[in-house]
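The values are calculated or read from the model by the stated rules, or taken from the named source; none is laboratory data. Predicted model only: the values in this text are computed from it and were never measured. Here the Cβ positions follow ideal geometry from the backbone for every residue, glycine too, while neighbour counts run over all protein chains shown.
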Amino acid sequence: MESARKLIRTVRNGHRVLIISAFLMVCVFQPALGQSFTIRDLGTLPGGKSSHGNGINDRGQVVGSSDIGGGHTHAFLLKSGVMSDLGTLPGGSSSNAEGVNNRGQVVGSSDTGSGRSHAFLYEHGVMTDLGTLPGGIFSDAAAINERGQVVGNSYIPNALFHAFLFEKGVMTDLGTLPGGTVSAAFGINNRGQVVGASTTASGAYHAFLFEKGVMTELGTLPGGDYSIASGINERGEVVGTSNTASGAYHAFLFKEGVMSDLGALPGGGYSSATGINNRGQVVGTATAGVVAFHAFLFKEGVMTDLGTLPGSSNSGANGINERGQVVGDSRDGDAVLWTQGRDDDDEDGDIRSRGRHDDDDDADYRSPAH
């Protein structure tokens, strides 16, 4: 079970209604290396000293977690320049938001009165407990699509956990790859294709794609024996991390049946991809030199260092939207937003999207043609 916990921590850390005070909302801008990007410090909830940005939708709304003091963290939603505390499930003390769709539905996990963490869905100002798989005691939601389908992982009997799909009030166990015992889901697109990682008969974790009731192994980079899939776009292109024959861990792009190595930043040997948009732009984290970790953007065959906040030595990118806005965090402090070109808050401006961007939960989602 400890190896399973390490998998979740690796993904969360490597990829990693209260108004924020005026002091904390002061934006800090720093040009990113080699690109016309600006970096914006998103601050924290009142009383907090650090925050993490985990997800972003096409409206530029950001979700994540913020320290609130007293050793606790709360999930937040940043909308129109205002960071709101989403609270916790009844009886809980800490929570974390992982994903948000264009309707503003937020998913993540929260402590409960029992002290156990459960997956949640937050909408219309209410945080709802999604429960667990039968016999389970813990669960965590990682992503949500425009249809409101939620994926994540839940503990089951025998101290194991499995990937789940939550839809129309029902949590379904997605099982594992043949011979495996543990799985977790980290991404879903609007076609309902799910990606994540599962153990195999050898006990190693391999990336998977789940669709139409079948979990398919995506393999590894040449010579590798470990991989996880973290994100998927509407084209079915998958990104994640795999080790290589040299033992190094590299970001990958799985496209048209082929897993390609995205390499690393100059002077670095490690990279991990966490998100991809429909334009094929990939984000993640890579070593920059010997010890530092920097967020990166990979597009048109080039991996670009997105830099850090002034005074910080580390950063990581966790998601990208159709505008090319990148969310992540400064590993020394706060959630950050990278914006290419002009930075603004025109949340409902002209964006290349795959659906409507109003707050009507009954909006007609139009899936792209394939």
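Taking the criterion of being hydrophobic (A, V, I, L, M, F, W, C), over 12 Å from Asp225 (Cβ atoms) and surrounded by fewer than 24 Cβ atoms within 10 Å (Cβ to Cβ), the residues of the stretch 185-209 that qualify are Ala201, Leu209. Taken residue by residue, the stretch 229-239 has at least one member that is under 17 Å from Thr176 (Cα atoms) and touching a helix residue (DSSP H, G or I) at 6+ places or on another chain (Cβ under 7 Å). Residues in the stretch 147-162 that are of a type in the set (Gly, Ala, Ser) and in a loop (DSSP other than H, G, I, E, B): Gly148, Ala159. Of the residues Pro178, Pro157, the single one that is more than 30 Å from Lys299 (Cα to Cα), at pLDDT below 95 and either surrounded by fewer than 16 Cβ atoms within 10 Å (Cβ to Cβ) or acidic (Asp, Glu) (or both) is Pro157. Looking across Val170, Val214, Val150, Val195, one residue alone is out of contact with any strand residue (DSSP E or B) (no Cβ under 9 Å at 6 or more places or on another chain), under 22 Å from Val107 (Cα atoms) and not acidic (Asp, Glu). It is Val170. For the stretch 207-234, how many residues meet the condition of being among the β-branched types (Val, Ile, Thr) and over 19 Å from Asn189 (Cβ atoms)? Result for the stretch 207-234: 1.
You will find that of Asp345, Asp332, the residue that is outside any strand (DSSP E or B), touching a Gly at 6+ places or on another chain (Cβ under 7 Å), over 26 Å from Ser246 (Cβ atoms) and modelled with pLDDT under 95 is Asp345 and no other.
Here the condition is being under 16 Å from Ala317 (Cβ atoms) and not hydrophobic (A, V, I, L, M, F, W, C); of Gly69, Gly53, it holds for Gly53 alone. No other residue among Thr172, Thr241 is surrounded by 17 or more Cβ atoms within 10 Å (Cβ to Cβ), at pLDDT 95 or above, polar (S, T, N, Q) and not in a loop (DSSP other than H, G, I, E, B) apart from Thr241.
For the stretch 243-271, the set of residues classified as over 24 Å from Thr38 (Cβ atoms) and under 17 Å from the mean Cα position of the chain (by Cα) consists of Phe252, Leu253, listed by residue number.
Give the residue that is nearest to Ser246 (Cα to Cα), with candidates limited to residues of the stretch 216-231 that are surrounded by fewer than 20 Cβ atoms within 10 Å (Cβ to Cβ) and not hydroxyl-bearing (Ser, Thr, Tyr).
This residue is Gly223.
Residue-level check: of (1) hydrophobic (A, V, I, L, M, F, W, C); (2) at pLDDT 50 or above; (3) closer than 16 Å to Asn145 by Cβ, Trp338 misses just (3).
Selection over the stretch 321-337 of residues that are among the aliphatic types (A, V, I, L, M) and within 12 Å of Phe37 (Cβ to Cβ) gives a count of 3.
Of all residues in the stretch 260-274, those that are of a type outside the set (Asp, Glu), surrounded by fewer than 20 Cβ atoms within 10 Å (Cβ to Cβ) and part of a strand (DSSP E or B) total 1. Only one of these is part of a loop (DSSP other than H, G, I, E, B) and of a type outside the set (Gly, Ala, Ser): Leu309, Leu253, Leu337, Leu297. Name it. Criteria check complete, one pass: Leu309.
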